[in-house]
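Student: Have a look at this one.
The values are calculated or read from the model by the stated rules, or taken from the named source; none is laboratory data. Keep in mind the model is a prediction, meaning the values are calculated, not measured. Backbone-built Cβ (ideal geometry, glycine too); neighbour counts: all protein chains shown.
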Amino acid sequence: MRGCMFSRLTLKLIWLWLEENGRGLLKVIAIAAVFSALLIYKTERQVSPITGRYDVSGTVDRIVPTHVGWNGRPLTYNYAVRLEGGGVVYVVGPISLPRIVGQKVKLTRYERQNGRTTYEFVETLLPYRSKA
């Protein structure tokens, strides 16, 4: 009997809380649903099969540090690379392999089935070689 009263009181408190904060709760749920849908859409675009792989070269035009770590130092650099064909692409590179503005770099261009094109530095694709 006592457990039954506790559950009624709990349900009544939950009902009162929902009457006051229900709209805010619905907004939070709606925002979470929108961001979840965007994340799923982005993931679907990235897993599209690769239809073409080409080697291209270009010159580093600008460097922007991104993804700042806990100590205030950047974890990656975002490079603006001017291709030999005249276009500018943005490539994310690790901080362990820094590049200089004006440096000639080799890139790998990936074309995907959904029409998306991505670029990566060739050096980051090579397997890790220990110095031992």
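Student: Go through segment 1-22 and give me each residue that's among the basic types (Lys, Arg) and either at pLDDT 80 or above or on the phi > 0 side of the Ramachandran plot (or both).
Tutor: Looking only at segment 1-22, we keep the residues that are among the basic types (Lys, Arg), and these are 2, 8, 12.
The one that is among the basic types (Lys, Arg) and either at pLDDT 80 or above or on the phi > 0 side of the Ramachandran plot (or both): LYS12.
Student: Which residues, counting only those in segment 68-104, are part of a loop (DSSP other than H, G, I, E, B), of a type in the set (A, V, I, L, M) and either touching a residue at least 40 places away in the same chain (Cβ under 8 Å) or out of contact with any Asp or Glu (no Cβ under 9 Å at 6 or more places or on another chain) (or both)? Please lay out each step first, then the result.
Tutor: In the first step, residues of segment 68-104 are kept if they are part of a loop (DSSP other than H, G, I, E, B); the result is 69-73, 84-87, 95-103.
Of the ones still in play, those that are also of a type in the set (A, V, I, L, M) are 95, 97, 100-101.
Residues satisfying the conditions are ILE95, ILE100, VAL101.
Student: I've got another one for you. Please state which one of SER57, SER96 is at pLDDT 90 or above and closer than 19 Å to VAL122 by Cα. Before you say what the answer is, go through the steps one by one.
Tutor: Details: SER96 fails: at pLDDT 90 or above.
When all the criteria are applied, what remains is SER57.
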